[in-house]
Amino acid sequence: MNLAAFIQIFLSIIFLASAASKFMNPLPFRRTLEQLGVARKLVLLGNRVVPATEFIVAILIIVEETRIVGQIGIGALLLSFSWSVWRARGKELDCNCFGNLLPEQFGVKTMARILLLAAMVIYLFVYSQPTGLQAAQMQEWLAALFITLSIVTGYGLLSAMHQFRKTMLKK
């Protein structure tokens, strides 16, 4: 499996996890949209459209014939997330980027994640030939899945430790 195929799986899992979290518990993301000053009608729409779009692009990006459409969709989502970071500047707002799976506030870390994901999407645009993901063996898919889950779990643990440290320093 090449790097581009791994990135397809990585992005798919990230956006599937984000969508699932927002679908299972939509209230935190809705609260974030309200705190960002999004109009009430758009909050209700966004609370459904954003996770649905995340789910759709997660599927589109792993199918070679629809990969470009998935990449464009992820790019559009990342632009909207960047707008959210800009809109939240100077305020202490919970990001709820992954629903309420990871308690984080908007800030530099949020923008760094967006830029990292954007770099991955740009890499896929530059790597325009087929990635061969559909021809990959099951072991390669599973390895990519477990590597991605390990990265996400490690990030979650580091975030929890950082949050715990901040809480302890306030006491």
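The values are calculated or read from the model by the stated rules, or taken from the named source; none is laboratory data. Worth saying up front: this structure is predicted, and the values here are computed from it rather than measured. Cβ: placed from backbone, ideal geometry, glycine included. Neighbour counts: every protein chain shown. When the accessible area is computed, the model is the full protein with side chains, heavy atoms only, and any ligands, DNA or RNA have been set aside. Shrake-Rupley method; radii C 1.70, N 1.55, O 1.52, S 1.80 Å.
Data table
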item	result
Size of electric dipole in the chain: Cβ of Lys, Arg +1 and of Asp, Glu -1, about Cα centre, debye, nearest 20	940
Prolate/oblate/rounded call for region 97-151, Cα gyration tensor, a/c under 1.5 rounded	oblate
DSSP H segments from the chain that extend 20 Å or more along their own axis, Cα-based, with Kyte-Doolittle mean of -1.0 or above	3-24, 40-60, 67-88, 108-126, 138-170
Added length on full extension, which subtracts the Cα-Cα distance from 0.36 nm per residue, A143 to T66	25.4 nm
Peptides ranked, highest mean first, by Cβ atoms within 10 Å: ranges 21-32, 104-115	21-32, 104-115
Sulfur and carbon atoms: percent of accessible area, region 14-117 [1.4 Å]	71
Set of lysines near K91 by C-alpha distance (under 19 Å), chain-local residues within fewer than 8 positions excluded	K109, K166, K170
Rounded to the nearest 20 debye, dipole of region 15-97 from Cβ charges on Lys, Arg, Asp, Glu	400
Fluctuation leader among A135, A144, A160 - the chain, Gaussian network, Cα springs under 10 angstrom	A135
q = 0.22, 0.24 Å⁻¹, region 62-119: log10 I(q)/I(0) [Debye, one scatterer per Cα]	-0.86, -0.96
Principal axis box of the chain, alpha-carbon based, largest edge first, Å	52, 38, 28
Per residue Cα convex hull volume in Å³ - calculated over region 1-70	88
Dipole of region 70-130, positive end: most advanced residue of G70, A119, A88 [Cβ charges, Cα centre]	A88
Cα convex hull of region 19-115, projected area averaged across orientations, nm²	6.0
Pairwise FRET efficiency - F125 versus W83, Cβ, R0 = 22 Å, nearest 0.05	0.55
